[in-house]
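Since the structure comes first, as structure tokens, the remarks are kept for the end.
The values are calculated or read from the model by the stated rules, or taken from the named source; none is laboratory data. Remember, predicted model here, so these are calculated numbers, not experimental data. Cβ atoms come from the backbone with ideal geometry, glycine included; neighbour counts cover every protein chain shown. For the accessible areas, the whole protein counts, side chains as well, though only heavy atoms, and no ligand, DNA or RNA atoms are used. Shrake-Rupley method; radii C 1.70, N 1.55, O 1.52, S 1.80 Å.
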Amino acid sequence: MKVWKRVAALAMTGVLAAGMLAGCGSKDAEKTAAGTAEGTTAGNAETTKGAAAEGQTVIRVCWWGNQTRNDGTVKALEMYEAEHPEVKFEVEFSDWNGYWDKLATQAAGGNLPDIIQMDYAFLSQYQEKGQLVDLNQYIESGVIDTTNVPDSIMKSGEIDGGTYAIVAGTNAKALLVNTAVMEEAGVTLPKQPTYEEFFAAAKTIYEKTGQQIAIPSNDEQSMLFMARALGQTMFTKDGTALGMPDDTVALRYYTRLKETLDEGFHVSPEVMAESSTNQLSNFAAGKEWCQLTNSNMIVNTIAQCEDDVQYDIYMYPTEADAVSQPIFIKPSQFYSVTKDSENPEIAADVINFLTNSVEANTEALKGERGVPISSVVTEAVNGVVDECTGRINAYVAEVAKVATEIDPPFPPASAEIGKMISDLADAVRYQEITPEEAAHSFYEQAAELLQKGAAE
């Protein structure tokens with residue numbers, strides 16, 4: 001069966017040497033970042049080498065993210081440089097689409113940056129391949145201070161007793177809504193709607209305002225939530241098989257993609273493809289009245305909107321026949337030190353700074369990656385952040401009251417399975433295959449990939 005493949009968006013790759021920012025001047029730095037964001041630099045640019053003085057240690061740091069994250073992280077690293085003049089940073093950032101391909105290329109060449117931003121879905125894959133440093137030695141020595149970090153958060157970066165990642169912030173899945181549009185259409189929603197309630201509201205809003213919705217298909221999260229609501233898991237604990245006994249969840253997911261398109265209140269696949277490369281979100285552009293997203297991504301979305309935008313944050317939809325609460329608190333991202341680093345202890349100290357420095361978090365990072373994991377830092381950040389970040393932190397605190405345990409770290413095959421889910425979703429949207437065919441193909445291929453991964 002021929003499955004339509006998405007045209008991959010050119011990666012928005014910005015590369016700046018933090019040690020050179022002051023010399024270039026802020027306007028030049030802004031111009032460099034803006035030019036990259038507009039797509040004037042295609043693909044993954046080579047790292048710009050910092051003008052490190054003799055005797056200085058160069059630490060490379062790499063992450064994915066939006067311009068808000070890029071600016072804040074660069075500023076925090078400049079603050080570290082000011083305290084440690086013997087260290088210079090080279091930083092690399094890109095959007096999600098190109099990030100993992102770039103890292104895979106660097107890993108193959110034994111040239112991974114010292115510090116990489118890591119995702120929960122890829123942690124096991126990089127750990128199993130021996131590409132990450134066990135940070136327990138630096139936690140035990142005090143280089144990384146976890147005194148004010150809950151054990152439950154630290155455990156999310158652990159595999160087989162080793163700590164291979166430090167949480168950069170916590171978040172939760174969320175439904176960002178434009179309340180003015182909802183009021184105009186005369187609809188309301190419970191704080192955690194079922195999909196049926198969500199779609200009924202979406203249909204009415206489309207009929208009265210023309211604004212639509214978009215169900216994400218760039219990873220496995222939507223399907224994961226459906227499975228969790230039905231008391232299932234995406235994968236078994238050992239990662240060798242799917243945690244779903246049959247293709248019921250997959251069929252429900254792909255059927256919804258088709259039905260929402262058929263009824264007109266879901267954006268077209270062409271608009272979805274465009275939105276993956278646009279810097280302005282469809283929510284900010286007034287094309288979509290809501291956004292199924294991660295809580296920490298709301299800051300950047302609201303920053304793109306008009307100042308008088310009216311919004312609220314609801315919980316991610318659940319199932320009408322749910323047997324358990326699907327929502328959970330998730331590490332938004334991690335920081336990991338790679339085995340290619342020649343200075344892992346300094347890299348660990350940088351992670352400690354990003355985690356525990358009140359100044360770096362209140363003046364630069366400002367909770368953009370999610371709620372800080374240090375209780376001391378969180379309290380300080382809550383006192384200085386803008387209204388949007390404060391509302392996000394309050395939302396995550398509310399979710400924590402009802403959240404259930406997160407699934408174990410996904411197996412290495414999950415990255416390929418996530419892409420397959422997305423490809424099949426596009427095939428359904430473009431009417432190349434039926435939801436039944438997509439569900440069957442997903443279940444069959446995912447099982448095969450997991451079995452293959454277990455045998456390797």
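Of the numbered criteria (1) touching a residue at least 40 places away in the same chain (Cβ under 8 Å); (2) under 16 Å from Asn148 (Cα atoms); (3) not hydrophobic (A, V, I, L, M, F, W, C), the one Thr378 fails is (1). Looking at segment 431-455 only, could you name the residues that are closer than 30 Å to Ile213 by Cα and either open to solvent by 70 Å² or more (accessible area, probe 1.4 Å) or touching a Ser or Thr at 6+ places or on another chain (Cβ under 7 Å) (or both)? Matches in segment 431-455: Gln431, Glu432, Pro435, Glu436, Glu437, His440, Glu444, Gln445. Comparison of Asp262, Asp238, Asp307, Asp247 shows that the only residue that is open to solvent by 10 Å² or more (accessible area, probe 1.4 Å), among the acidic types (Asp, Glu) and under 26 Å from Arg369 (Cα atoms) is Asp307. For Ala202, the conditions (1) out of contact with any Asp or Glu (no Cβ under 8 Å at 6 or more places or on another chain); (2) at pLDDT 95 or above; (3) not in a helix (DSSP H, G or I) all hold with the exception of (3).
When Glu184, Glu128 are screened for being under 25 Å from Leu112 (Cα atoms) and surrounded by 14 or more Cβ atoms within 10 Å (Cβ to Cβ), only Glu128 passes. In segment 319-337, the qualifying residues are those that are at pLDDT 95 or above and open to solvent by 20 Å² or more (accessible area, probe 1.4 Å), and the one that is nearest to the chain's Cα centre (by Cα) is Gln325. A single member of Glu448, Glu444, Glu432, Glu416 is within 19 Å of Met118 (Cβ to Cβ) and among the charged types (D, E, K, R), and it is Glu416. Taking segment 106-125 as the range and being open to solvent by 50 Å² or more (accessible area, probe 1.4 Å) and farther than 27 Å from Glu220 by Cβ as the test, the residues that pass are Gly109, Asn111.
Set side by side, the residues Asp160, Asp95 differ, and just one is of a type in the set (Asp, Glu), touching a residue at least 24 places away in the same chain (Cβ under 8 Å) and open to solvent by 10 Å² or more (accessible area, probe 1.4 Å), which is Asp95.
The residue of segment 338-371 that is surrounded by the most Cβ atoms within 10 Å (Cβ to Cβ), among those that are assigned to a helix (DSSP H, G or I) and of a type in the set (D, E, K, R), is Asp349. In the set (1) in contact with a Leu (Cβ under 8 Å, 6 or more places away or on another chain); (2) without any contact (Cβ under 8 Å) to a residue 40 or more places away in the chain, Thr204 fails one condition alone, (1). Condition test on Lys129, is it more than 20 Å from Asn171 (Cβ to Cβ) and at pLDDT below 95? Yes. Among the residues of segment 372-390, at least one is of a type in the set (A, V, I, L, M, F, W, C), closer than 22 Å to Phe122 by Cα and surrounded by 22 or more Cβ atoms within 10 Å (Cβ to Cβ).
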